[in-house]
Amino acid sequence: MGSKTWADLAREMKMFLWNPEERTCLGRTAKSWGLIFLFYFIFYTCLAGMFAFCLYVMLLTLSPYTPRYRDRVSPPGVMIRPYLNGFTIAFNVSQPGTWQPYVDSMHHFLAAYDDKVQEEKNIECISGRYFIQGGNESEEKKACQFKRSLLQNCSGIEDPTFGYSKGQPCILLKMNRIIGYRPGAGVPVSVDCKVQKGNESNLRSVDFYPGNGTFDLMYYPYYGKLTHVNYTSPLVAMHFTDVKKNYMVPIQCSLNGKGF
Amino acid sequence: MVKEASEMGSTNSSSKAWHVVYKIIKIWNVMIIEAVPDVHHNTKTLFLLQKKSDVYSVEDLWDKRSRKTDIGDEEEKYKDLKGNKKKKAEDLKKEVELDDHKLSASELEEKYGTSVNKGLSSARAAEILARDGPNSLTPPKATPEIVKFLKQMVGGFSILLWIGAVFSWISFGIQLAQGAESPFDNLYLGVVLALVVILTGIFAYYQEAKSTNIMASFSKMIPQQALVIRDAEKKELPADQLVVGDIVEIKGGDRIPADIRLIFTQGCKVDNSSLTGESEPQSRSCDFTHENPLETRNIAFYSTTCVEGTATGIVINTGDRTVIGRIASLTSGVGNEKTPIAIEIEHFVYLVAGVAISIGVLFFIISVSMRYKILDSIIFLIGIIVANVPEGLLATVTVSLSLTAKRMAKKNCLVKNLEAVETLGSTSIICSDKTGTLTQNRMTVAHLWFDNQIYSADTSEDQTTQPFDQSSPSWTALSKIVTLCNRAEFRPGQENLPIMKRVVVGDASETALLKFAEVILGDVMSIRARNRKVAEIPFNSTNKFQLSIHETDDPNDKRFLLVMKGAPERILERCSTIMINGKEEPLDSEKAEAFQTAYMELGGLGERVLGFCHLYLPEDEFPDTYPFDTDSMNFPTSNLCFVGLLSMIDPPRSTVPDAVSKCRSAGIKVIMVTGDHPITAKAIAKSVGIISATSETVEDIAKRLNIPVEQVNRREATAAVVNGMELKDMSLQQLDEILCNHSEIVFARTSPQQKLIIVEGCQRQGAVVAVTGDGVNDSPALKKADIGIAMGIAGSDAAKNAADMVLLDDNFASIVTGVEEGRLIFDNLKKTIAYTLTKNIAELCPFLIYIIASIPMPIGTITILFIDLGTDIIPSVALAYEKAESDIMNRRPRNKRKDRLVNEQLAVYSYLQIGIMQSVGAFITYFTVYAEQGFLPSTLLGVRVDWENNAINDFEDSYGQQWTKYQRMYLQWTGYTAFFVSITIQQVADLIIRKTRRNSIFQQGLFRNKVIWVGIFSQIGIALILTYGLGHVTALNFTPLRFQYWFVAVPFAILIWVYDEVRKLFIRRYPGSWWDKNMYY
């Protein structure tokens, strides 16, 4: 029979789009289309209702304070500040423009740790043991002070450039929050850093603040965003005082403690 | 000659302007029929009839549409065509020029370096064999394996997947160049996609090859043997070892192993029907009788059969150089029509590909305008394509078809081309041969007339006794004549076979009589031995009788018994008395009248009638020593005693009437096409129900109303018996009219060429036509038909090659069971496709929502592939085992244009209803998994960028907890697994609902199809293995899932089931309603 010409196809297409004889559009009359739309409207409304209902019921079973499972989130990860786009920190001491973003990031991040803010919002806790707050789950929990000044040379109080202007950058390390998690099982978790690959002498010395680079137990456990409103994660600052310059030094910092 | 043949072949294929679609050559009348659709889309059929000379009569029959087109243009093509054809016809004539028939035996011996007595030496034969190749027809040029394989690689959805793979590699390249952190994901994805294509391609290729192998093994099952004289010894050799110059001996029942010039014959007759369509056996002798090698008597042709007698001859042509070989090589150029299921699958592939591409492009545009990176958009595009394409489906369809093919093979339908399985199901017209297909292909005594009474005999296939009254002494006399006046003999060594199955040497009528006598009287051979034959005149066409004289087995009776049989009117002429109840009575006009009535009645039944008479020769005139001389006929051949009539017919197979009525209720028109006489054809058609008891032909009405045929209203006649001679003079319009107006049609006295015209006529009506055939000349009709059915027993190799299907038992009833299977598989494929398409939406929605709502990816591309090619494969094949919902043989054949495999309702119901329900169920699981880990649904919206950022390791959840990238990825994989598990669970429900389209599952029976349960268990088993067994293999993105998540989607699975039951209930309750029209697929 051969294939149809384009004109035929176009005519057929036009007929399909709008057939004036049978008054059909896309092969259906207005009534037919109406019924179809009505049907699907009802169908999808019911389905959406069912979806919403199921989600609602599911959410009802959840506690607003603690997620049901925490197995995927633990053990906690760590994160550093300053954070711009990645984990590579490179700058030119003589050009402030190259390190100013890092410094800004640090200041921004540490604003919540200002001594005044901490004193205002949080309480002082007893160092060296977990700060367990019993009582009702829905009760508001108190948070322990973590003052910026604890970070000493890396607090940005004495040296607002966090050592970047001297080529001795500070990097803050924080441990991810996990509800109810008690790191170290009674012994504070400590941080140490080493060169991941390459010459160990590239790193030379690192200073840790506060203390010897430990996360004090009193900051744990975390009780969740809803009740533990003013919780501020404890930090460990690492001051790379003598890192090899003009050279890519991959540094790996790790947490040492039981249960990791 | 070989070279010429191949050149002709190449002209055919290379001539672009005249794309020769098919060609049959009936050399007998040197007639060429050729249909040539021209390049300008106007269908035009051209018949060139050449009548021995070079004069052409051109009859142009094209339909009205093409009349509008430019005539001048057409004219030119004519000239072109004429010139072309003239040359070809001449080539052809040259080709059949042989001069061997003109040579004497000694000249032949010299020409072929052989000796009539000693034959060739083995060494010489081996040389010639090496030169000429084996004596077998080269099978039609098969598509090279590599091409077949590559076709599988690019056919169907493969192109889409290749595009996906190429995009993956491109984005891998770009990411690599940009130095992204994990570009290898895309490389792997591309490799996986390519692997999927290659593996499914290999699988499809393997399936195809397997079914071809079944066919190949079948054709090799019975190697033909030939009796050859070589090294002065008679040897049995495989026929393909024959070479030119070999001396072969043939006897009745053999197939002629090569083209043979006969040098010695004894009563040899050959059946040339496979070559010429001539159904009468032709006698063969050593004499040169005609210039035309095809007309001369001293050549027997390859692949024809020797019906009786013996002959010895010199092989003059072997293999493709034989006359049949040349025809076969020409007919193999006939193009194959696309099978309906291939069209349906193509339609389906277009549909799904269309959906995939349009959604893909739409979302590409959306994602670009939502300021996604181009690269990301491309990756989304790949995901959408992968989600949309049912990767495993084509393989599933192939498996389902081959399962059905296997089932059909058990029922004696051997399917060569897998797709033909379904074609048979959509058949709306069957053009069936009579002999062998509708009938048993053997003459059987059907009626007897003696003592002025007609008796019916049992004509069933496995008769062991005859029920009619055998007490009359007339019967004793008649049985004696039947036994003695008969030259047919059983081949020795068949004593244990049932009588009806024994092989007999002799012609068809004598065989019938021999078996008839054997059934009633027992050992005929010993009766003949007791009644020694003393003289005999065999049957010939001038005297039309056969006569023999015997001693009797009664020791007291010294008379000779003269027995005679032949054409009833000739026999009656020679009689003066007639036997009534054992007594001879004078043959008066009243008795002659009774004879006439009986004769007409039996003749009217389309039966071949024989008359029988005898005479006891008086002892005194003919003593023991009387020298009977058959040449001078020194004995009486008149004034004999007429004993009775026997009539024979090739009776219908006992299963056929039932099968025909099944066809009728299934809306399939059965047309009988036979070379037989119209009366016989009509009688058989009536007895099997092709012409039903109540319907009349125009002639019947004319006879009943006693008016001339012309005055009969043709519309009133439902039946028609068309003679081949009438058909020849008919225009196509007239033929169409007949095919349209009559529901019961018999074509009698047709040649195989006319079969082709009939097939085309039926196809013009839009019918899907099945055609049966056995001869070489049937092959064009077999190819032209939508489904060509060759006979496994009687069929020639050429017919089997051209056919799509081979009937192993030559039985029409097998076609009907095939139709049933074909219809069932169409229904079941619908179910399979509906099942497979549904989950595509559940795979696609995650992508769309991921793009629009920027939630973490709910399901990965690899995971999708695990559904498509893992969990879903066995269940979708299991649907092929589903039993029919209702009697599928009570419905009309499907309309090619309207009843699509994948129709709008199926797609819409699967995609927009069940698919969406599945998506909702799977999303519930997804949100549950995330929420229970700390990410409430509200938190998930719009997080995509940060979520996927490798540098963010303190991503905060709804509870203030912080997640590293790896933790998030692991959670994301858990989400994949949960989504995967939910789809799997809901696919179980989908599988169950797809068991039926109209009936309730409870009507169909939940446990009747055990394979479905195998499917369900395999589905769940594979999902368990993937989640718990391979949950730790990172690359697969599966994680061990909490057990309760398996049940989140269960309510939705139940909802799907309930909803579908409601749908089916409304469909059953309110047939023809809006709901039925929109919801029944």
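The values are calculated or read from the model by the stated rules, or taken from the named source; none is laboratory data. Keep in mind that what you see is a predicted model, and the values were worked out from it rather than measured. Cβ atoms come from the backbone with ideal geometry, glycine included; neighbour counts cover every protein chain shown.
In the stretch A:32-59, the residues that are assigned by the TED database to the domain that holds A:Glu22 and farther than 18 Å from B:Leu1055 by Cα form no Cβ pair under 7 Å with any partner that is acidic (Asp, Glu) and surrounded by 15 or more Cβ atoms within 10 Å (Cβ to Cβ), whether six or more places apart or across chains. Filtering the stretch A:188-214 to residues that are in contact with a Leu (Cβ under 8 Å, 6 or more places away or on another chain) and either assigned to a helix (DSSP H, G or I) or closer than 27 Å to A:Ala143 by Cβ (or both) leaves A:Pro188, A:Val189, A:Ser190, A:Val191, A:Tyr209, A:Pro210. Would the stretch B:926-941 turn up any residue that is more than 12 Å from chain A (Cβ to nearest Cβ), over 14 Å from B:Arg1042 (Cβ atoms) and touching a residue at least 60 places away in the same chain (Cβ under 8 Å)? Within the stretch B:926-941 (the criterion being more than 12 Å from chain A (Cβ to nearest Cβ), over 14 Å from B:Arg1042 (Cβ atoms) and touching a residue at least 60 places away in the same chain (Cβ under 8 Å)), the answer is yes, since at least one residue qualifies.
The set of residues from the stretch B:667-722 being touching a residue at least 60 places away in the same chain (Cβ under 8 Å), over 17 Å from B:Cys431 (Cβ atoms) and surrounded by fewer than 16 Cβ atoms within 10 Å (Cβ to Cβ) comprises B:His677, B:Ile679. Just so you know, in the stretch A:94-114 the residues that are surrounded by 15 or more Cβ atoms within 10 Å (Cβ to Cβ) and in contact with a helix residue (DSSP H, G or I) (Cβ under 8 Å, 6 or more places away or on another chain) include one that is farthest from the other protein chains (Cβ to nearest Cβ), and it is A:Asp114.
Taken over the stretch A:215-254, the criterion of being of a type in the set (A, V, I, L, M), outside any loop (DSSP other than H, G, I, E, B) and either more than 30 Å from A:Tyr65 (Cα to Cα) or not assigned by the TED database to the domain that holds A:Pro82 (or both) is satisfied by A:Ala237, A:Met238, A:Ile251. Within the stretch B:883-907, if we keep just the residues that are within 14 Å of chain A (Cβ to nearest Cβ) and free of Cβ contacts under 8 Å to residues at least 12 places away in the same chain, the residue that is farthest from B:Cys663 (Cα to Cα) turns out to be B:Glu904. I need the full set of residues from the stretch B:818-862 which are under 20 Å from B:Gly1015 (Cβ atoms) and either among the hydroxyl-bearing types (Ser, Thr, Tyr) or more than 32 Å from the chain's Cα centre (by Cα) (or both), in order please. If the condition is that a residue be under 20 Å from B:Gly1015 (Cβ atoms) and either among the hydroxyl-bearing types (Ser, Thr, Tyr) or more than 32 Å from the chain's Cα centre (by Cα) (or both), then B:Thr832, B:Tyr835, B:Thr836, B:Thr838, B:Lys839, B:Asn840, B:Ala842, B:Glu843 are the ones that fit. Of all residues in the stretch A:50-83, those that are of a type in the set (Val, Ile, Thr), more than 8 Å from chain B (Cβ to nearest Cβ) and in contact with a strand residue (DSSP E or B) (Cβ under 6 Å, 6 or more places away or on another chain) total 1. Screening B:Ala880 on (1) among the small types (Gly, Ala, Ser); (2) within 12 Å of chain A (Cβ to nearest Cβ); (3) over 27 Å from A:Val57 (Cα atoms) shows it passes everything except condition (2).
Take the conditions over 30 Å from B:Ile668 (Cα atoms), buried (at least 18 other Cβ atoms within 10 Å of the Cβ), under 44 Å from the mean Cα position of the chain (by Cα) and among the β-branched types (Val, Ile, Thr) and apply them to B:Ile952. Does it pass?
Taking the combined requirement at face value, the residue does not satisfy it.
Restricting attention to the stretch A:152-187, the residues that are within 20 Å of A:Asn92 (Cα to Cα) and in a loop (DSSP other than H, G, I, E, B) add up to 9.
Annotation: of all residues in the stretch B:1045-1057 being β-branched (Val, Ile, Thr) and either over 15 Å from B:Ile1020 (Cα atoms) or surrounded by 17 or more Cβ atoms within 10 Å (Cβ to Cβ) (or both), the one that is nearest to the other protein chains (Cβ to nearest Cβ) is B:Val1048. Has the stretch B:510-521 got at least one residue that is assigned to a loop (DSSP other than H, G, I, E, B), among the β-branched types (Val, Ile, Thr) and more than 23 Å from B:Ser472 (Cα to Cα)? No; the residues of the stretch B:510-521 include none that is assigned to a loop (DSSP other than H, G, I, E, B), among the β-branched types (Val, Ile, Thr) and more than 23 Å from B:Ser472 (Cα to Cα). Checking each residue in the stretch B:908-925 for being at the interface with chain A (Cβ under 9 Å from one of its Cβ atoms) and small (Gly, Ala, Ser) picks out only B:Gly921. Can you name the residue in the stretch B:1032-1044 that is more than 11 Å from chain A (Cβ to nearest Cβ) and assigned to a helix (DSSP H, G or I) and is also modelled with the highest pLDDT among such residues? Among those residues, the one meeting the criterion is B:Phe1043.
With the structure loaded, tell me whether B:Thr838 is in contact (Cβ under 8 Å) with a residue 60 or more places away in the chain, farther than 30 Å from B:Ser426 by Cβ and part of a helix (DSSP H, G or I) or whether it fails that test. So that I can check it myself, show each step before the final result.
Working: in contact (Cβ under 8 Å) with a residue 60 or more places away in the chain: yes; farther than 30 Å from B:Ser426 by Cβ: no; part of a helix (DSSP H, G or I): yes.
Considered against the rule, which asks whether it is in contact (Cβ under 8 Å) with a residue 60 or more places away in the chain, farther than 30 Å from B:Ser426 by Cβ and part of a helix (DSSP H, G or I), B:Thr838 comes out as no.
Checking each residue in the stretch B:406-443 for being without any contact (Cβ under 8 Å) to a residue 40 or more places away in the chain and farther than 28 Å from B:Arg502 by Cβ picks out only B:Lys406. Residues in the stretch B:734-753 that are touching a residue at least 40 places away in the same chain (Cβ under 8 Å) and either closer than 15 Å to B:Pro780 by Cα or β-branched (Val, Ile, Thr) (or both): 6 in all. One residue stands out in the stretch B:502-550 among those that are free of Cβ contacts under 8 Å to residues at least 60 places away in the same chain and among the hydroxyl-bearing types (Ser, Thr, Tyr): the one that is farthest from B:Gly611 (Cα to Cα), namely B:Ser526.
Scanning the stretch B:949-973 for residues that are more than 21 Å from A:Phe51 (Cβ to Cβ), touching a residue at least 24 places away in the same chain (Cβ under 8 Å) and more than 7 Å from every other protein chain (Cβ to nearest Cβ) turns up B:Asn950, B:Asp957, B:Arg968, B:Gln972, B:Trp973.
With respect to being touching a residue at least 40 places away in the same chain (Cβ under 8 Å), surrounded by fewer than 18 Cβ atoms within 10 Å (Cβ to Cβ) and away from chain B (no Cβ under 14 Å), A:Ile157 falls outside the description.
Looking only at the stretch B:636-653, decide whether some residue is outside any loop (DSSP other than H, G, I, E, B) and basic (Lys, Arg). No - not one qualifying residue is present in the stretch B:636-653. Within the stretch B:183-205, residues that are closer than 23 Å to B:Leu403 by Cβ reach partners that are hydroxyl-bearing (Ser, Thr, Tyr) with beta carbons closer than 8 Å, at six or more positions or on different chains, in the pairs B:Thr200/B:Ser158; B:Gly201/B:Ser158; B:Phe203/B:Thr398; B:Ala204/B:Thr398. Examine the stretch B:1014-1030 for a residue that is surrounded by fewer than 19 Cβ atoms within 10 Å (Cβ to Cβ) and over 17 Å from B:Leu869 (Cα atoms), and state whether such a residue exists. Yes; the residues of the stretch B:1014-1030 include at least one that is surrounded by fewer than 19 Cβ atoms within 10 Å (Cβ to Cβ) and over 17 Å from B:Leu869 (Cα atoms). Against the conditions (1) crowded, with 20+ Cβ neighbours inside 10 Å; (2) farther than 19 Å from B:Ser509 by Cβ, B:Lys558 satisfies every one except (1).
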